[in-house]
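Participant: Mind looking over this structure? Questions follow.
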2 protein chains.
Amino acid sequence: MSTDLLARLSFNQMTADPWPLERAVQQCAAHNVPHIAVWRHKFEDAAKASALIRSAGLGVSSLCRGGWFSAPTPAERRARIADNRLAIEQAAQLGARVLVIVSGPANGQSLDDARATVLDGLREVLPDAERAGITLGIEPLHPMYAAERPVVVTLRQANDMAEALASPAAGVVIDAFHVWWDPEVYAQIERARGRIAGFHVSDWPVPLPGILMGRAMMGDGVIELRRLRRAVEAAGYTGPIEVEIFNDAVWANADDSLLPRIQQRFLDHV
Amino acid sequence: MSTDLLARLSFNQMTADPWPLERAVQQCAAHNVPHIAVWRHKFEDAAKASALIRSAGLGVSSLCRGGWFSAPTPAERRARIADNRLAIEQAAQLGARVLVIVSGPANGQSLDDARATVLDGLREVLPDAERAGITLGIEPLHPMYAAERPVVVTLRQANDMAEALASPAAGVVIDAFHVWWDPEVYAQIERARGRIAGFHVSDWPVPLPGILMGRAMMGDGVIELRRLRRAVEAAGYTGPIEVEIFNDAVWANADDSLLPRIQQRFLDHV
């Protein structure tokens with residue numbers, strides 16, 4: 001049982017921001033973490049990154065990230081579409097099944113307009129994703145980020161969008177840190193059945209030390225992680241579970257003991 | 001038009017935490033702010049506070065706050081019920097129409113259990129509110145507070161609770177800072193028709209300087225305040241509009257110019 005769960009662990013490389021991709025891959029291989037989630041700004045050449053990851057025997061649970069569709073000018077919006085097409089290509093090169101989509105902020109538009117822009121952008125790149133066999137994983141972010149990062153802030157909203165897109169290449173990504181507070185979260189997880197493209201874990205410490213860097217290691221906060229994991233499984237998702245922790249202390253102390261610590265916390269709390 | 005709007009302005013006294021009630025009342029009277037929202041920890045004797053406020057000719061838009069039902073032990077839960085009954089009495093003494101209800105944190109319970117505890121607590125004190133002619137205004141707080149303050153974090157949830165209570169003494173309070181991010185906010189404002197017991201304004205600056213003290217003066221952030229105000233009016237609420245700003249700089253600079261500044265920002269942005 002514990003072996004089964006560890007076989008689903010994916011190390012999201014932003015959990016150790018100071019590490020270059022080479023070190024993240026080496027650490028995963030050394031500690032038998034079978035999956036990694038890759039960020040685009042962490043590699044220059046997708047083919048080389050892919051070769052590195054494959055040679056270590058790792059799977060890529062997702063590529064982070066596409067989206068940010070709601071740019072302030074039409075020219076910038078075209079550039080965002082082009083960048084999302086590039087991200088889909090990179091995901092395919094890496095052998096990732098999923099491109100994580102963070103919708104992007106309103107950028108001076110009204111929230112309604114920005115939300116419409118996001119759906120339009122997704123519609124435009126969806127055929128590319130379908131051809132490449134990549135799922136666009138729409139990830140709602142916590143509402144406290146709504147002014148700066150996403151206009152998609154609830155799982156209901158992500159489900160609405162994925163439903164509207166009506167394609168096997170349109171899914172949702174469920175990050176416990178972003179959705180745990182939602183009175184509807186279990187109903188919306190069940191509604192996401194067949195469309196769940198990823199599940200991310202970390203924890204919400206009390207008090208939260210900061211808005212961007214406040215996430216904690218699993219077990220150091222109040223999120224009902226096991227209940228969420230079981231709900232996601234009950235809704236049919238049995239793929240990789242990413243550990244994604246943005247936390248200055250975790251980053252500062254990222255050494256050879258990080259992955260074993262994550263594995264233990266993962267077993268104890270997820 | 002502008003006179004009409006200013007006639008609805010209520011000064012929530014936590015906007016100037018350093019001021020004792022006497023000074024807050026004096027400033028409202030001096031600047032023709034017709035309403036004040038009073039916090040319970042700011043007075044010792046409700047009768048004296050009431051006399052002070054009435055002699056200045058002010059109305060009390062709300063008393064803050066009741067709630068915090070989800071205490072960890074049965075004895076503490078009984079104490080919370082008793083305290084809410086006292087708050088209802090105090091609201092009546094002050095001539096407030098509304099007691100603002102902040103649900104309180106999970107306190108070690110599961111979120112589901114805590115939410116049930118809140119509804120049970122409201123049910124228990126509802127007859128007291130009905131007898132006193134006080135509306136219990138269930139205020140959803142921003143989801144970023146869910147771990148420490150409220151388990152009620154969306155207007156949908158507050159509406160669900162008020163509907164379940166099915167009494168003229170059960171309403172909802174809509175604070176722009178807490179709900180602006182919600183993709184459902186306009187639908188839920190319309191759904192709240194007949195149950196809106198208050199409307200609070202401030203703003204969400206970018207970046208948000210802090211979780212608890214991050215609110216800004218109206219116009220210094222991204223909230224579509226006018227649109228929200230019009231939606232609340234379209235849903236039938238034409239009562240006082242409270243300005244409630246928790247902000248260290250506003251507190252530190254609270255002087256005789258604060259209320260005129262608020263009035264101007266209120267006219268320009270709300």
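Participant: Buried accessible area for the A:B pair, summed, 1.4 Å probe, in Å² rounded to 100? Each step should come with its number before you reach the end.
Facilitator: Details: alone 10980 and 10960 Å², together 19700 Å².
Summing both sides, the interface buries roughly 2200 Å².
Participant: Which residues, if any, in region B:166-198 lose at least 40 square angstrom of accessible heavy-atom surface (probe 1.4 Å) when the other protein chains sit next to their chain rather than the chain being alone?
Facilitator: B:TRP180, B:TRP181, B:PRO183
Participant: Would you compute, for the Cα atoms of chain B, the largest minus smallest coordinate along each principal axis and list the three values in descending order, in whole Å?
Facilitator: 47, 43, 33
Participant: Additional query: Determine one quarter of the surface area of the Cα convex hull of region B:140-217, which equals its mean projected area, and express it in nm² to one decimal.
Facilitator: 5.4
Participant: Select from region B:201-216 all residues whose loss of accessible area on going from the chain by itself to the full protein assembly reaches 50 Å² or more (probe 1.4 Å).
Facilitator: Going by heavy-atom accessible area, the residues of region B:201-216 that drop by at least 50 Å² are B:ILE211.
Participant: Grab the DSSP H runs of chain A that are 4 residues or longer, score each as -39,500 (n - 2.57), total them, divide by all residues and round the 222 nm result to the nearest 500 deg cm²/dmol.
Facilitator: That calculation yields -13000 deg cm²/dmol at 222 nm.
Participant: Still on this structure, I have one more. Just name one of B:TRP181, B:ILE134, B:HIS41: the one whose Cα is farthest towards the positive end of the charge dipole of chain B (beta-carbon charges, Lys/Arg +1, Asp/Glu -1).
Facilitator: Going by the charge dipole, the pick is B:ILE134.
Participant: Label position 7 Å from Cα toward Cβ: report the copy-to-copy distances for A:GLN109 in nm, one decimal, ordered from shortest.
Facilitator: 4.1
Participant: Between A:ARG227 and A:ARG123, 0.36 nm times their residue separation minus their Cα-Cα distance comes to what?
Facilitator: That pair, A:ARG227 and A:ARG123, stretches by 34.1 nm at full extension.
Participant: Now for a different question. Would you tally the net charge around A:ASP128, using a Cβ to Cβ cut-off of less than 9 Å, leaving A:ASP128 out, and scoring K and R as +1, D and E as -1?
Facilitator: Details: positive: A:ARG85, A:ARG131; negative: A:GLU89, A:GLU124, A:GLU130.
Neighbour charge sum, excluding A:ASP128 itself: -1.
Participant: Enter the mean number of other protein chain beta carbons within 10 Å of the beta carbon of each residue in B:143-152, as an integer.
Facilitator: Across B:143-152, the average partner-chain Cβ count within 10 Å equals 5.
Participant: Share of antiparallel DSSP beta bridges in chain A, in percent to the nearest 5? Please list the in-between numbers first.
Facilitator: On the way: 2 of 31 bridges.
Among the beta bridges of chain A, antiparallel pairing accounts for roughly 5 percent.
Participant: Over region A:1-62, what lengths in whole Å, largest first, do the semi-axes of the equivalent ellipsoid take, defined as the square roots of 5 times the eigenvalues of the alpha-carbon gyration tensor?
Facilitator: For region A:1-62, the semi-axes come out at 20, 12, 10 Å.
Participant: For B:GLU163, what accessible area in Å² do you get when you roll a 1.4 Å probe over the heavy atoms of the protein chains, rounding to the nearest 10?
Facilitator: 100
Participant: Find how many whole Å separate the alpha carbon centroid of region B:205-250 from the alpha carbon centroid of region B:25-39.
Facilitator: 19
Participant: At 0.36 nm per residue, minus the direct Cα-Cα distance, what do B:ALA234 and B:SER110 gain on full extension? Give it in nm, one decimal, please. List each step's numbers first, then the result.
Facilitator: On the way: separation 124, 0.36 × 124 = 44.64 nm, distance 3.69 nm.
Fully extending the segment from B:ALA234 to B:SER110 adds 41.0 nm.
Participant: For region B:56-83 and region A:56-112, what is the separation of their Cα centres, given in Å?
Facilitator: 47
Participant: Please work out whether region A:72-185 counts as rounded, prolate or oblate from its C-alpha gyration tensor, where a ≥ b ≥ c are the square roots of the eigenvalues and a/c under 1.5 means rounded, while otherwise a/b larger than b/c means prolate and anything else oblate? All intermediate terms of the calculation are to be shown ahead of the outcome.
Facilitator: Numbers: a/c = 1.77, a/b = 1.18, b/c = 1.50.
In terms of gyration-tensor shape, oblate.
Participant: State to the nearest 20 debye the size of the charge dipole of the protein assembly as shown about its Cα centre, where the only charges are +1 on K and R beta carbons and -1 on D and E beta carbons.
Facilitator: 520
Participant: In whole Å, what three semi-axes, largest first, describe the equivalent ellipsoid of the protein assembly as shown built from its Cα gyration tensor (square root of 5 times each eigenvalue)?
Facilitator: Computed over the protein assembly as shown, the values are 45, 25, 20 Å.
Participant: Under a point-charge model restricted to the Cβ atoms of Lys and Arg (+1) and Asp and Glu (-1), what is the dipole moment magnitude of chain B relative to its Cα centre, in debye to the nearest 20?
Facilitator: Using only the charged Cβ atoms, the result is roughly 440 debye.
Participant: Under a Cβ-Cβ cut-off of 12 Å, what is the net charge of the residues other than B:LEU63 that fall near it, where Lys and Arg count +1 and Asp and Glu count -1?
Facilitator: +2
Participant: If each label sits 7 angstrom from Cα along the C-beta direction, how far apart, in nm, is A:GLU233 from its counterparts in the other copies?
Facilitator: List, nearest first: 5.4 nm.
Participant: Regarding region B:189-270, what whole-number volume in Å³ per residue does the convex hull of its Cα atoms give?
Facilitator: Per-residue hull volume (Cα only) is 100 Å³.
Participant: Show log10 I(q)/I(0) for region A:95-252 at q = 0.17 Å⁻¹, two decimals, from a solvent-free Debye sum over equal Cα scatterers.
Facilitator: -1.01
Participant: Using only the alpha-carbon atoms, what does region A:1-139 span along each of its principal axes? Please give whole angstrom values in decreasing order.
Facilitator: Principal extents (Cα only, largest first): 47, 31, 31 Å.
Participant: Tell me the distances, shortest first, between B:ALA51 and the same position across the other copies, using label points 7 Å along Cα→Cβ, in nm to one decimal.
Facilitator: Nearest first, the other copies' label points are 8.8 nm away.
Participant: If you don't mind, another one. Would you work out which of A:SER167, A:VAL100, A:ALA24 lies farthest towards the positive end of the dipole of the protein assembly as shown? Charges go on Cβ: Lys and Arg +1, Asp and Glu -1.
Facilitator: Value: A:SER167.
Participant: I've got another one for you. Taking the solvent-accessible surface of protein heavy atoms with a 1.4 Å probe, what is the per residue accessible area of chain B in Å²?
Facilitator: Per-residue value: 36 Å².
Participant: Follow-up. Under a Cβ-only charge scheme (Lys and Arg +1, Asp and Glu -1), can you give me the dipole magnitude of region A:143-187 about the Cα centre, in debye to the nearest 20?
Facilitator: For region A:143-187, the charge dipole is close to 60 debye.
Participant: Still on this structure, I have one more. I need the calculated FRET efficiency for the pair A:ALA166 and A:GLU190, taking r as the beta carbon distance and R₀ as 25 Å, to the nearest 0.05.
Facilitator: 0.85
Participant: OK, next. For chain A, with all protein chains present and a 1.4 Å probe, just round the carbon and sulfur fraction of the accessible area to a whole percent.
Facilitator: About 52 percent, which is the carbon plus sulfur part of the accessible surface.
Participant: Can you check what the Kirkwood hydrodynamic radius comes to for region A:78-126, Cα pairs only, in Å to one decimal?
Facilitator: Values: mean 1/r = 0.0855 Å⁻¹.
In region A:78-126 this quantity evaluates to 11.7 Å.
Participant: Provide the net charge surrounding B:ARG80, with neighbours chosen by a C-beta distance below 13 Å and charges set as Lys +1, Arg +1, Asp -1, Glu -1.
Facilitator: Once all neighbours under 13 Å are counted, the net charge is 0.
The values are calculated or read from the model by the stated rules, or taken from the named source; none is laboratory data. What you are looking at is a predicted structure, and each value in this text was computed from that prediction instead of being measured. Positions of Cβ are backbone-derived with ideal geometry, glycine not excepted, and every protein chain shown enters the neighbour counts. Surface accessibility is based on the protein's heavy atoms, side chains included, excluding ligands, DNA and RNA. Shrake-Rupley method; radii C 1.70, N 1.55, O 1.52, S 1.80 Å.
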